[in-house]
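Heads up: the structure comes next, in structure tokens.
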Amino acid sequence: MLIAIFGDIHGNIEALRVAYEAAITHRVEKIYHLGDLGGYAPFVNEVVDFLIEHKIEGIQGNYDEAVANNREHCGCKYENPFQAEMATLSFEWTKQHATQKSKDYMKGLPFDISFSCHNLTITLFHATPLKNNLYWYQERPDKFFRQMAMWADAKVMIYGHTHIPYRKDIDNKVFINAGSVGKPKDGNPGACVALVDITPDAIRTELLRLPYDVEKMAGAIIKSGLPKYFAEKLRSGE
């Protein structure tokens, strides 16, 4: 079974369209998204409409939960006061511009999705099986991976939130961070799509990096009234 995973789209409809076309080209059997549909770019409603139109199932990210329930904070991590200020502006913009339809969709997303394939359990969640805003970087100690595997109780765990893709295998468990379609943070501005091929003999992972019209999206960010900062970050993949 070949599946495509779209992590952290964050209002980037241009990247989402390219990601979808790549998934179709690869003839995947199923597409899932990992939540965080708005923020930092202006097309949260278009992203939701696209996912509904193309029947792409997915889960709720911390951003989705916070926007849908009008929280005061998105649950994001900040490295300095300026970053916190920018993130607050993005969050408030998204809450103000997301339609009720979009908020209802985000509110109705499940925390996780599990399914069986070839007698293996595959579980998808946004950040960790316990919290949707905990950052699970590849550098975390193996002990942390083992703890998360115990909670998830699955052979394959697929998640996002950090916007940095990786795969790690520990104790015959497979951990896949699908990266970010719309806001990569690993220095590569290309949209990231995780292809996961599950067979009786192996679990194969390919992390695609896809070029798209970054300048078009950067211009839309600036035109929307969102801080220019987000356009600059999009261009640099940071």
Query - Matching residues, the range 81-115, being hydroxyl-bearing (Ser, Thr, Tyr) and modelled with pLDDT of 95 or more - result: 94, 99, 102, 105, 114
Query raised in the report: Which of the residues belonging to the range 107-132 are in a strand (DSSP E or B), out of contact with any Ser or Thr (no Cβ under 8 Å at 6 or more places or on another chain) and surrounded by fewer than 20 Cβ atoms within 10 Å (Cβ to Cβ)?
Result: 116, 117, 120
Query raised in the report: Could you list, in sequence order, the residues of the range 48-67 that are part of a helix (DSSP H, G or I) and free of Cβ contacts under 8 Å to residues at least 60 places away in the same chain?
Result: 48, 49, 50, 51, 52, 53, 63, 64, 66, 67
**Report entry** Test: residue 166 is out of contact with any Leu (no Cβ under 7 Å at 6 or more places or on another chain) and within 18 Å of residue 32 (Cα to Cα)
**Finding:** yes
Query raised in the report: Under 6 Å by Cβ, and 6 or more places apart or on different chains, what pairs join a residue from the range 196-217 that is over 30 Å from residue 42 (Cα atoms) with one that is part of a strand (DSSP E or B) and of a type in the set (Lys, Arg)?
Result: 197/204; 205/167
Query - Boolean, residue 99 is more than 16 Å from the chain's Cα centre (by Cα), β-branched (Val, Ile, Thr), crowded, with 20+ Cβ neighbours inside 10 Å and closer than 24 Å to residue 228 by Cα - result: no
Report task. Just name the residue that is surrounded by the most Cβ atoms within 10 Å (Cβ to Cβ) out of those in the range 48-80 that are aromatic (Phe, Trp, Tyr) and within 17 Å of the chain's Cα centre (by Cα). Result -> 63
Query raised in the report: With respect to residue 197, is the statement that it is surrounded by 14 or more Cβ atoms within 10 Å (Cβ to Cβ), more than 23 Å from residue 62 (Cα to Cα) and either touching a Lys or Arg at 6+ places or on another chain (Cβ under 7 Å) or of a type in the set (S, T, N, Q) (or both) true?
Result: yes
Requested in this report: Find the residue count for the range 1-47, including only residues that are of a type in the set (Val, Ile, Thr) and farther than 21 Å from residue 87 by Cβ.
Outcome: 7
Query raised in the report: Does the range 27-39 contain any residue that is part of a helix (DSSP H, G or I) and out of contact with any strand residue (DSSP E or B) (no Cβ under 9 Å at 6 or more places or on another chain)?
Result: no
Query raised in the report: Out of all the residues in the range 202-237, which are of a type in the set (Gly, Ala, Ser) and crowded, with 18+ Cβ neighbours inside 10 Å?
Result: 218, 220, 231, 237
Query raised in the report: Based on what the data block shows, is residue 104 charged (D, E, K, R), assigned to a helix (DSSP H, G or I) and within 16 Å of the chain's Cα centre (by Cα)?
Result: no
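The values are calculated or read from the model by the stated rules, or taken from the named source; none is laboratory data. Predicted model, so just to flag it, every value in this text is computed and none were measured. Heads up, the Cβs are rebuilt from the backbone with ideal geometry, glycines too, and the neighbour counts pull from every protein chain shown.
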